[in-house]
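Heads up: the structure comes next, in structure tokens.
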Amino acid sequence: MRRSAICISAGLVTLLVIGVLYSVARWTPARRTAPRAPAGPTTPEGPASAADPRRGVDEAPPPDAPVACRVEGRVTGEDGAPHAAALYAKEREVPDGPVETAHAGEDGRFALTLQPGDWHLHAEAEGLISDPEWFELDPGQARTVDLVLRPSAMVWGFVQDPAGARTHDVLVYAHDSWDDLSSWTRTDKEGRYALHVPAGRIVVTADRAEFGPSSVAATIEAGQRLQIDLRLTSALSISGCVTDRGGRPVADAEVEADWRGDDDWDYPDPRTAITDASGAYVLTRLKPGPHRVTAFAKGLRAPPRTDVLAGSDRIDFVLLRGGAIEGKVVRRSDGSPLRSADVTAWAMEQGWGLGTRGEPLGEDGAFRIEGLLPRTYLLHAWAPGLAPAARDVEVRDEETTGVVVLEVRDGGSIEGTVLSASTGAPVGDADVGVKLGVGSMGSHTDASGHFHLEGVEPGMRPLSVGHPEYVGLHTTLEVTESSVVTQTFRLDAGARLEGRVLGRGGRPIRRERVLVVPSGDGVALTTDTDEEGRFKLASLRPGPCLLYCLRSQPGQTTIASAGVDLRAGSTSEVVLTLSTGGRLTGSVRRAGRGVPDVVLSFSSTPRPGVSFRATTDRLGTYGVDGLPSGVYVVETDGLREEVSVGAGDTRRDFDLPDGQ
């Protein structure tokens with residue numbers, strides 16, 4: 001059984017969670033780090049041999065070297081049988097250092113001699129790759145690490161510089177769907193690279209010091225060979241100066257730029273810079289596009305600057321000392337202090353927060369959070385087994401609040417079992433989540449389908465159960481203090497849907513929204529296509545449904561649609577092609593003249609199945625391709641009309657009332 005976890009999700013939940021992770025990450029090593037590359041690249045035919053000229057694992061260390069560590073283990077396949085493989089280890093804090101290698105024989109056993117540090121280890125064989133293992137080694141430590149090989153895929157391609165010339169000796173690496181580094185290499189003399197990667201969602205990045213990095217996200221299947229060509233960007237920068245409130249330069253302040261592009265998967269690591277004696281900084285090698293830039297020093301902080309374009313200069317910051325919150329956490333029942341709790345101050349309108357996050361409280365339950373910019377914060381306290389407490393606190397610059405008391409109370413517990421409705425078998429690794437008054441908490445079922453949640457806030461609590469192979473379940477339970485609610489949940493087998501969206505000539509449509517509308521009263525679901533126009537959905541309710549993909553530009557909106565009968569326990573495949581179906585065109589006029597930039601809202605009737613918007617161009621005309629036959633309600637300011645669309649072309653002009 002896994003320990004239940006809690007997270008804040010009130011109001012702007014997504015922004016808040018991202019914000020706190022962002023703030024905490026400043027004081028901890030980033031997980032996504034540029035890898036240390038091997039001496040020679042992986043070849044398209046397979047991984048580089050363990051016999052490549054790299055530093056041998058049996059070389060004697062220099063006399064003043066730290067006491068070496070020994071790592072040994074076993075490599076197996078998914079069936080548990082031993083497997084021969086090449087092993088690659090790198091120290092994660094030394095991006096361009098050498099790679100340690102070893103080889104597992106037919107018995108699957110291997111041994112490595114490594115120096116103390118933080119290491120990444122994975123194994124490769126023909127058509128197979130292991131999940132990476134991260135571990136820290138202390139001087140002289142011996143450690144056992146077992147690796148399991150799974151079917152792999154291959155990504156290969158060429159890397160070009162900003163002028164389009166193929167470039168050698170470029171570091172190329174891939175992260176998997178869990179944001180773990182999976183493999184790395186360098187381009188050869190022809191600018192070519194090849195990487196063995198795990199099947200699934202990956203991000204491939206090319207990086208070279210004098211250029212800006214290039215990243216591409218893709219989904220790849222086991223055994224597939226996918227070509228991804230990468231083009232390095234010109235080295236853009238953001239520069240400016242950091243001062244205090246009195247205008248004095250602040251040396252040794254840290255400035256960080258985090259790319260804020262459209263694709264969450266397609267971003268490089270945040271770039272950082274340290275100010276010099278004059279307070280000046282330069283953030284280099286930035287990816288083109290918008291960035292969120294922050295500046296801070298010990299005890300000082302500046303409001304973040306959002307949507308700063310790479311290439312900007314004179315992005316200056318004035319650091320403020322900020323305010324502080326002092327308080328204590330006590331039990332509501334008897335007023336006794338808590339000595340351990342997570343206390344966090346959330347900046348609601350900014351989407352980020354600061355807090356102690358697990359630091360021990362004082363003997364009297366006291367805490368202090370410093371360096372807060374002036375604004376209203378949501379102060380939140382949580383401890384295992386207890387219901388959380390929260391309240392709003394206003395912080396003023398260079399002032400400390402009075403003592404804020406957070407009263408936590410005894411929570412209830414929810415436990416039970418998740419079973420398959422058809423077979424009665426336990427469902428392991430199902431997600432069980434409970435929505436609290438502020439935030440949510442969740443756990444996973446174990447192999448016997450059992451789960452346990454404690455510290456649930458008393459009241460009527462929405463609960464959800466989900467698993468990729470089953471239809472999600474939603475219910476509401478009443479929880480009281482110190483009580484235990486026991487439930488058995490039975491999940492129906494779900495359906496899976498895989499598909500691809502194509503445009504004219506079979507061109508894949510990437511990063512577009514796909515809408516799945518079930519028949520009856522089911523809830524519509526959405527997903528986005530990847531770089532190859534592919535999409536996947538699981539846990540769908542079996543039965544007929546309609547699929548839509550919409551692409552909208554001024555004057556032209558294109559829709560692809562298809563009907564699918566989803567079946568329990570199976571995967572349905574579908575291809576959506578834009579510009580199939582009926583076509584609706586026309587104009588929006590006022591007093592006989594076309595009106596540009598008018599947004600028309602469409603929804604199908606009698607049951608809302610698909611809704612979308614179209615915008616008129618500079619001449620006041622619009623067009624919608626690919627509409628399924630039916631009746632649509634069209635609305636804009638001061639206008640609401642119905643339009644019947646058939647399989648062919650339909651024209652409809654709209655006249656806006658005067659004064660709109």
Quiz prompt | Surrounding net charge for residue 583, when Lys and Arg each add one and Asp and Glu each subtract one, Cβ distance under 10 Å | solution = -1
Quiz item: For the range 636-652, in order, what is each residue's ³J(HN,Hα) by Karplus, 6.51 cos²θ - 1.76 cosθ + 1.60 with θ = phi - 60°, in whole Hz (x at glycine and Pro)?
Solution: 7, 4, x, 8, 8, 9, 9, 10, 9, 10, x, 6, x, 8, 10, 10, 8
Quiz prompt | Within-10-Å neighbourhood charge of residue 74 [Cβ basis; K, R +1; D, E -1] | solution = -2
Quiz item: Once a ≥ b ≥ c are taken as the square roots of the eigenvalues of the Cα gyration tensor of the range 359-512, is the result rounded (a/c under 1.5), prolate (a/b larger than b/c) or oblate (a/b not larger than b/c)?
Solution: oblate
Quiz prompt | Backbone HN-Hα couplings from phi across the range 127-138 [Karplus 6.51/-1.76/1.60, Hz, Gly and Pro as x] | solution = x, 9, 8, 9, 5, x, 10, 10, 7, 10, 10, 8
Practice problem: Specify whether the C-alpha gyration tensor of the range 159-265 places it in the rounded, prolate or oblate class, a ≥ b ≥ c being the square roots of the eigenvalues: rounded for a/c under 1.5, otherwise prolate if a/b is larger than b/c and oblate if not. | Solution: prolate
Practice problem: Collect residues whose amide H, placed 1.01 Å from N in the peptide plane, falls under 5 Å from the amide H of residue 229; neighbours closer than 5 in sequence don't count. | Solution: 158
Quiz item: What number, in percent, do you get for the relative contact order of the range 192-321 if the mean sequence gap of Cα pairs under 8 Å and at least 6 apart is divided by its residue count?
Solution: 26
Exercise. For the pairs 90/189; 90/536; 189/536; 287/435; 298/435, note any where the Cα-Cα span goes beyond 28 Å.
Key: 90/536; 189/536; 287/435; 298/435
Practice problem: Over the residues of the range 430-506, compute the C-alpha Rg and express it relative to 2.2 N^0.38 Å. | Solution: 1.49
Quiz item: Under the Karplus relation 6.51 cos²θ - 1.76 cosθ + 1.60, θ = phi - 60°, what is the ordered set of whole-Hz ³J(HN,Hα) values for the range 448-464, x standing for Gly and Pro?
Solution: 8, x, 8, 9, 8, 10, 10, x, 7, 4, x, x, 7, 10, x, 10, 10
Exercise. First select every other residue whose beta carbon is under 14 angstrom from the beta carbon of residue 647; then total the charges, Lys and Arg +1, Asp and Glu -1.
Key: -1
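Quick note: the coordinates plus some simple rules give every number you see, no bench work behind them. All values derive from a computational prediction rather than experimental measurement. Cβ: placed from backbone, ideal geometry, glycine included. Neighbour counts: every protein chain shown.
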